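The structure under discussion appears below in the form of structure tokens.
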Amino acid sequence: MTLEELDKKYGLQTYNRNYINFVRGEGSTLFAENGDNYIDFASGIAVNSVGHNNPTLVKAIQEQVAKIIHISNLQVIEPQAKLAEQIATLANYDGAIFFANSGAEANEGAIKIARKYGETRFEKKRYKVITLAHSFHGRTITTVKATGQDSFHTPNFSPYPAGFSYVDGLESVYDNIDDETVAVMIELVQGEGGVQPFDKSEIQKLANFLKEQDVLLIVDEVQTGIYRTGKMLASNMYEISPDIITMAKGLGGGVPIGAVMTKHRDVLVAGDHGSTFGGNYLSTRAGLAVLEVLSGLYESGKLTETLAYFTVRLKEMATKYPNLFTQEVGLGAMRGLRAKDNETMKSVISKSMEHRLVILPAGKNTVRFLPALTITNSEIDEGFRRFEEAISSI
Ligand SMILES: *Cc1c(COP(=O)(O)O)cnc(C)c1O
């Protein structure tokens, strides 16, 4: 059987995938089985934050797996404790962290913290969580329900948990809070929804208002976190200090990990929450290596330079091809070109793939760019050369 036949016969077909067989990666270049090389502007949907085959990450993982991969959370785990310290320190956040295995699972943890806060801190129980239209919070039954896109709430998976509602834009949050609302959960740059950043002063205004009302602010930084927007967290960029922050994608550099961090350290107690794999030696050692690489790039100013260069090149594309794109959107290394329509987005992405450049869709009409934060200027140039080659035929 070919690889495609094998996958189609034995894999549940939940993805529209292509069948290029990538066998190796180096930095922001991927190599297919047939020897073709591809420039990677997707980094596995913001996961390979330090690129492929990063020496620091590879060495850390190799050394760790030869010692201990996993023991249970009933023992203390050295890299887990150190990673929690690193995250809180780099994010300049006075809080404590629970480790999970994915973004959805981190968000589940955030919702549990909020729900218990709402149950135990008020005379009248608070349990409702407000999220935003076009948001994305995950694929578990609860996080799908928290996702503010109707297409996700198919009756196929119903009934969903109660207590979630969506509002159109930040301004509508205010009117929709009632005495049963415990939390508002938002992304600062909506990723899957179309790479749409919110206005900093509007976010700060909302954060202040929620604090006054004792309604928790949960910021889903699963995609924006870990230097993706140019600082450790987008919350640092927006200069807010949310009650709860979730992270995942870029944190392990490809090793599955999720994290929920909160200043309300005493809400959850032993027995309230847990995970078999969450925070094990392998994933947290990987997280430490990723943060070592990225905090180094950030502190040296190199990250800012890379993001500025990527931005310049991307803006060029928006101006040069007004026939295809209406605007350039996003922040840091979380970028998009808003295509004229869905058809244009699809053909830009498939033509780019034919020209050996990996990019992604977001929302209905956004061509999305999520390069590794270690990408070099020459990889950026080569990627955009292929991009122009690809779109010139549209
Ligand atoms: C990807 C993503 C998730 C889901 O993460 P998984 O690891 O796929 O569960 C949740 N929230 C946001 C903002 C995301 O981008």
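Every condition in (1) surrounded by 12 or more Cβ atoms within 10 Å (Cβ to Cβ); (2) within 16 Å of the ligand (Cβ to nearest atom); (3) without any contact (Cβ under 8 Å) to a residue 24 or more places away in the chain holds for R17 except the one numbered (1). Against the test of being within 12 Å of the ligand (Cβ to nearest atom), outside any strand (DSSP E or B), of a type in the set (A, V, I, L, M, F, W, C) and touching a helix residue (DSSP H, G or I) at 6+ places or on another chain (Cβ under 7 Å), the options V173, V222 yield a single qualifying residue, V222. Across the range 180-201, the qualifying residues are those that are of a type outside the set (A, V, I, L, M, F, W, C), away from the ligand (no atom under 13 Å from the Cβ) and closer than 28 Å to K116 by Cα, and the one among them that is surrounded by the fewest Cβ atoms within 10 Å (Cβ to Cβ) is E180.
When the residues of the range 120-143 are filtered to those that are among the charged types (D, E, K, R) and surrounded by 17 or more Cβ atoms within 10 Å (Cβ to Cβ), the one that is nearest to the ligand (Cβ to nearest atom) is K128. Of the residues making up the range 162-179, just one is surrounded by 13 or more Cβ atoms within 10 Å (Cβ to Cβ) and more than 15 Å from V215 (Cβ to Cβ), namely Y166.
The C-beta contact set for the range 85-105 (first residue closer than 19 Å to T147 by Cα, second residue of a type in the set (K, R) and within 16 Å of the ligand (Cβ to nearest atom), distance under 6 angstrom, 6+ apart or interchain) comprises A104/R139. Residues in the range 83-119 that are part of a strand (DSSP E or B) and more than 16 Å from the ligand (Cβ to nearest atom): A96, I97.
I'd like to know if the range 203-215 contains one or more residues that are outside any helix (DSSP H, G or I), within 15 Å of the ligand (Cβ to nearest atom) and either touching a Leu at 6+ places or on another chain (Cβ under 9 Å) or not small (G, A, S) (or both). No, because not a single residue in the range 203-215 is outside any helix (DSSP H, G or I), within 15 Å of the ligand (Cβ to nearest atom) and either touching a Leu at 6+ places or on another chain (Cβ under 9 Å) or not small (G, A, S) (or both). In the range 152-170, which residues are away from the ligand (no atom under 16 Å from the Cβ), out of contact with any strand residue (DSSP E or B) (no Cβ under 9 Å at 6 or more places or on another chain) and outside any loop (DSSP other than H, G, I, E, B)? If the condition is that a residue be away from the ligand (no atom under 16 Å from the Cβ), out of contact with any strand residue (DSSP E or B) (no Cβ under 9 Å at 6 or more places or on another chain) and outside any loop (DSSP other than H, G, I, E, B), then P155, N156 are the ones that fit. Checking each residue in the range 366-385 for being buried (at least 21 other Cβ atoms within 10 Å of the Cβ) and in a loop (DSSP other than H, G, I, E, B) picks out L370, P371, A372, L373, T374, I375.
Any read-out appearing in this document is the output of simple, stated calculations on the displayed coordinates, not a laboratory observation. Source: prediction; values computed, not measured. Here the Cβ is made from the backbone with ideal geometry for all residues, glycine too, and neighbour counts use every protein chain on show.
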